[in-house]
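The values are calculated or read from the model by the stated rules, or taken from the named source; none is laboratory data. Predicted model, so just to flag it, every value in this text is computed and none were measured. Don't worry about glycine lacking a Cβ; one is built from the backbone with ideal geometry, like all the others, and counts go over all protein chains shown. Quick note on the areas: whole protein, heavy atoms, side chains included, nothing else; ligands and nucleic acids left out. Shrake-Rupley method; radii C 1.70, N 1.55, O 1.52, S 1.80 Å.
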Amino acid sequence: MGWPVFGRHRIRATQFSMSIPAILASTYIISILGLFVFIASLRKGGTQSRPDGGNVIFEPGEIGTVEDPSLDRPGRRALQDSLSATDGTGADPNARTDMSVRIEGDRSSRGVALALWGSATFWLLVGSIFGLISSIKLHHPDWLVNEAWLTFGRTRIVHLNAVAYGWTAMAALATATWMLPRLLRTPLRGAGFSYLGTVLWNIGLAAGLIYIATSGNEALEWLEIPWRIGVLFAIGGALIGVPLLKMLPRARVDHLYVSVWYIGAALFWFPILYLVAKMPGLHTGIEYATMNWWYGHNVLGYFFTPMALAAVYYLVPKVIGRPIRSYDLSLLGFWTLAFFYGQVGAHHLIGGPVPSWLVTLSIVQSVMMVIPVIAFSVNQHQTMRGHFGALAHSQVLRFVLFGAVMYTVSSVQGSMQALRFINNTTHFTHFTVAHAHLGMYGFVAMVLFGAAYFIMPRVLDVEWPRPRLISLHFYLVVGGFAVYLMLLSVGGWLQGTALLDASRPFIDSVTVTWPYLQGRSLGGLLMTLGHFVFAWHLCLMIGARLGLSRRRAVKPLPLSEI
């Protein structure tokens, strides 16, 4: 007897559905194998489509010359000597490097960059204070409870929005705005759009934070600010991106460096992401949850991450005076990030009332993210190979490479955390908070701190007044971050274990975290102190520019003196 038609279709449907995981797994395995074959060919001297693609960020005759404006003249010479000694190469003392194009580009962007960096630093302090208050309230809940705007439910959200849309976003936009004239070898055009965008962004953030502190919020993480106010972020971000469109037709380069790809994509993606997420009446019911984490993860992967990676790909080669090891590998990392990141957010909804295929797709794409991460990590390691001694001299390199390493760690951890058997323990715990800080702070913020120390001497034409404060800042934030990350990760895992144990009362999952939350506040305090050191040093620098102290302008070390 033959199978009934319905039964036959049911079996075929089942067989087809069972083949989907196999197809996804096969795609993943093939992608990984292809990546490693590509990396192996590079190590054996395999051909590249553009072997000198990384040279475009250097002026003719500049390769071999270090650039670290955070150092004084003896420091730059020591950095140059350390790198020349490791590979036996250096700048040609007879070479004549024309810096006029770069100087013109730096001057064209200094006003916008200063406005964005100043705003970012202000919001960094605001966010740090509210973050520390929120952290202390987790183990001293009766502290500061007489005013509604100081309750945990409001201070925590003010902290998130101030550091995300204030410090991190505006520092990233400042870095991108300053780098574009250098990357395209043409002055910044349309600066008025950038100034207007900066003003609108600050107005939107200030109004949004006041609304959260005094009235409430939209109850969607990363989207707490009402759309009537938040739309200023989309408009402001789009306006800040206008100069790129005006500069591209006038670019004086034979190809676009990978940092331009990252910056251009981030400036294009952010307004679209925010408008789709906040458009009134577009989402209803469970769609709000899926949209929330579609945006929550994509604003990290399609805005903050590309901006930080663009800075890494520019700053590391410039500091050590050597181009990136593989330009092709850098482009591979960009395109795989673009293709694989779009749906990773749904792994936050494991166990929720959403289609299982959506969660499975998110898990698969989360694991696929190891491909762009490996591409980036191998490329940076090969670029720095033989030059790690520069870390003893370059403050900028310490911040940027620390952030680059944390990108690798946070991405691999995120891919593993998306797996159901791990997510079951970490979900709804402090472990997730630690992971979020690993990416946003350990990676993005640390890279941006390094960018600030590189950029601001070029913006203000003065040296950093007290270089020791740069080291103090680094050790305070790294020490505080290490305490914060390790204790909160351990406490979060223990919290998840307690929540899964049906024989234990719920209160056990709270009390087990108590000492770790106190340690979190200690780490947060150290990080906040580091932020105030950074802000104070920036104020001293601006004061020097205004004439409170006289410093000679920082200029590239003349080749004749190397």
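Restricting attention to region 58-96, the residues that are modelled with pLDDT of 65 or more and outside any helix (DSSP H, G or I) total 15. Quick check, is GLY333 within 17 Å of the chain's Cα centre (by Cα), buried (at least 23 other Cβ atoms within 10 Å of the Cβ) and small (Gly, Ala, Ser)? The answer is yes for GLY333.
Is it the case that THR186 is more than 27 Å from GLY281 (Cβ to Cβ), touching a residue at least 12 places away in the same chain (Cβ under 8 Å), of a type outside the set (A, V, I, L, M, F, W, C) and part of a helix (DSSP H, G or I)? Let's see the steps before the verdict.
Details: more than 27 Å from GLY281 (Cβ to Cβ): yes; touching a residue at least 12 places away in the same chain (Cβ under 8 Å): yes; of a type outside the set (A, V, I, L, M, F, W, C): yes; part of a helix (DSSP H, G or I): no.
So THR186 does not fit the description; no.
Of the listed requirements (1) under 25 Å from the mean Cα position of the chain (by Cα); (2) free of Cβ contacts under 8 Å to residues at least 40 places away in the same chain, TRP227 misses just one: (2).
Give, as residue ranges, the helices (runs of 4 or more DSSP H) completely inside region 404-483 that count at least 1 residues that are among the polar types (S, T, N, Q) and over 21 Å from ALA169 (Cβ atoms).
Working: elements: 420-426, 430-437, 446-460.
Result: 420-426, 430-437.
Scan region 400-423 and give yes if some residue there is touching a residue at least 60 places away in the same chain (Cβ under 8 Å) and among the β-branched types (Val, Ile, Thr), otherwise no. Looking through region 400-423, at least one residue is touching a residue at least 60 places away in the same chain (Cβ under 8 Å) and among the β-branched types (Val, Ile, Thr). For region 112-142, what are the residues that are surrounded by fewer than 19 Cβ atoms within 10 Å (Cβ to Cβ) and of a type in the set (Phe, Trp, Tyr)? Of everything in region 112-142, just one residue is surrounded by fewer than 19 Cβ atoms within 10 Å (Cβ to Cβ) and of a type in the set (Phe, Trp, Tyr), namely PHE122. Residue pairs whose Cβ atoms lie under 6 Å apart, separated by 6 or more positions or on different chains, with the first residue in region 362-382 and farther than 25 Å from ASN423 by Cβ and crowded, with 20+ Cβ neighbours inside 10 Å and the second modelled with pLDDT under 90 and β-branched (Val, Ile, Thr), are VAL378/ILE39. Among the residues of region 461-477, which ones are within 22 Å of the chain's Cα centre (by Cα) and within 14 Å of PRO69 (Cα to Cα)? Matches in region 461-477: ILE470 only.
From MET179, MET170, grab the single residue that is farther than 20 Å from GLY127 by Cβ, within 19 Å of the chain's Cα centre (by Cα), open to solvent by less than 20 Å² (accessible area, probe 1.4 Å) and hydrophobic (A, V, I, L, M, F, W, C).
Numbers: MET170 fails: farther than 20 Å from GLY127 by Cβ.
Exactly one residue qualifies, and that residue is MET179.
For region 320-361, filtering for residues that are closer than 21 Å to LEU300 by Cβ, outside any helix (DSSP H, G or I) and either without any contact (Cβ under 8 Å) to a residue 12 or more places away in the chain or not hydrophobic (A, V, I, L, M, F, W, C) (or both) leaves 4. Tell me, please, whether a residue that is in contact (Cβ under 8 Å) with a residue 12 or more places away in the chain, open to solvent by 10 Å² or more (accessible area, probe 1.4 Å) and either within 26 Å of SER259 (Cβ to Cβ) or charged (D, E, K, R) (or both) can be found in region 477-497. Scanning region 477-497, I find at least one residue that is in contact (Cβ under 8 Å) with a residue 12 or more places away in the chain, open to solvent by 10 Å² or more (accessible area, probe 1.4 Å) and either within 26 Å of SER259 (Cβ to Cβ) or charged (D, E, K, R) (or both), so the answer is yes. Taken across region 191-204, residues that are within 19 Å of the chain's Cα centre (by Cα) and of a type in the set (S, T, N, Q) do not occur at all.
Highlighted here are the helices (runs of 4 or more DSSP H) found entirely within region 206-319 that include at least 3 residues which are at pLDDT below 95, among the aliphatic types (A, V, I, L, M) and open to solvent by 20 Å² or more (accessible area, probe 1.4 Å): 258-278.
On the given criteria, is ILE235 in contact (Cβ under 8 Å) with a residue 24 or more places away in the chain and within 30 Å of GLY54 (Cα to Cα)? Here the answer is no, as ILE235 does not meet what is asked. The condition of being among the β-branched types (Val, Ile, Thr) and surrounded by fewer than 18 Cβ atoms within 10 Å (Cβ to Cβ) holds for only one of VAL405, VAL459, that being VAL405.
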